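The block underneath contains the structure these notes are about, expressed in structure tokens.
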Amino acid sequence: MNALSQSVSEVDGFNEDTLFARIAEDILQTGYSINPAALPPTLTEALYRHSQLMSPSQFVSAGIGRADDYLKNDFVRTDEICWITGESEAGTAWLHWCAELQKYLNRRLFLGLFSFESHFAHYKAGDFYKRHVDAFKGESNRKLSVVVYLNSNWYTEDGGELVIYQNWQEEKGIRVTPLMGTVVVFLSEEFPHEVLPAKRDRYSIAGWFRVNTSVAERVDPPQ
Ligand code: OGA
Ligand code: MN
């Protein structure tokens with residue numbers, strides 16, 4: 001555990017259990033959980049500082065990939081991403097916090113989450129991510145999605161809200177302002193969601209907890 005992870009659990013340790021319990025309860029009741037100003041402030045600040053110090057060259061277009069890959073297509077999304085591998089202190093502390101959340105949810109909900117992957121995302125003015133699901137039933141082992149936001153002073157006029165829908169037909173959805181420290185968790189296969197076009201730079205982190213779907217003749221690839 002690095003010094004930052006240590007201070008996150010010492011300073012904010014008490015609140016974490018309350019937050020983890022609320023997330024578990026929400027997932028059980030509705031399948032999603034929206035928590036404003038919930039990420040430990042020391043961790044939020046470190047991630048924010050890191051996101052601002054990263055050079056644009058560390059981000060790659062998320063919309064580049066096979067044209068027939070629905071989620072990697074610049075018609076669907078125009079943001080840029082940078083995978084979090086634990087090379088920075090802030091990144092490591094984030095992965096540590098997610099590992100604690102994973103442990104808690106496994107104990108409480110028996111979800112069998114076994115691995116985690118996560119990236120920073122940068123939406124420039126005009127960028128969007130159209131309505132999508134993070135996992136298609138039976139095609140992916142992504143089980144639970146987590147998103148946190150790193151934007152101070154976000155106003156309605158700034159756009160860029162996350163909208164979570166109950167199904168593909170619903171029009172209204174639940175709007176989430178991408179404000180600093182908000183933690184959103186939802187079942188990856190259940191909720192179509194989108195990022196409305198942002199009017200200014202928007203930073204978020206998205207991550208996915210995966211289950212192990214290995215069978216004898218097919219071992220899961222690492223990614
Ligand atoms: C994603 C995603 C939401 C957001 O990266 O899959 O849905 O609000 N992100 O950044
Ligand atoms: Mn998504």
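Figures for the structure shown
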quantity	calculated
Most mobile listed residue (Asn73, Asn212, Asn153) in the chain, GNM with C-alpha springs under 10 Å	Asn153
Charge dipole magnitude, Cβ of K and R +1, D and E -1 - region 3-210, Cα centre, debye nearest 20	260
Summed side-chain charge close to Lys124 - residues other than Lys124 whose Cβ falls under 11 Å, Lys, Arg +1, Asp, Glu -1	-1
Charge tally in the Cβ shell below 12 Å around Leu28, where Lys, Arg are +1 and Asp, Glu are -1, Leu28 excluded	0
Test item: Cα-centred dipole of region 110-202, Lys/Arg +1 and Asp/Glu -1 on Cβ, debye	80
With every protein chain in place, the chain: carbon and sulfur % of accessible area (1.4 Å)	54
The chain: most fluctuating residue of Pro40, Pro197, Pro56 per GNM, C-alpha cutoff 10 Å	Pro56
Mean accessible surface per residue for region 3-210, computed with a 1.4 Å probe while every protein chain stays in place, in Å²	48
Cα-based Lys pair tally, region 3-210, threshold under 22 Å, eight or more apart or on separate chains	10
GNM result for the chain, Cα springs below 10 Å: residue of Leu39, Leu187, Leu28 fluctuating most strongly	Leu28
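The values are calculated or read from the model by the stated rules, or taken from the named source; none is laboratory data. Source: prediction; values computed, not measured. Glycine also receives a Cβ, built like all others from the backbone with ideal geometry; neighbour counts cover every protein chain displayed. Remember, those area values only see protein heavy atoms, side chains included, never the ligands or the DNA or RNA. Shrake-Rupley method; radii C 1.70, N 1.55, O 1.52, S 1.80 Å.
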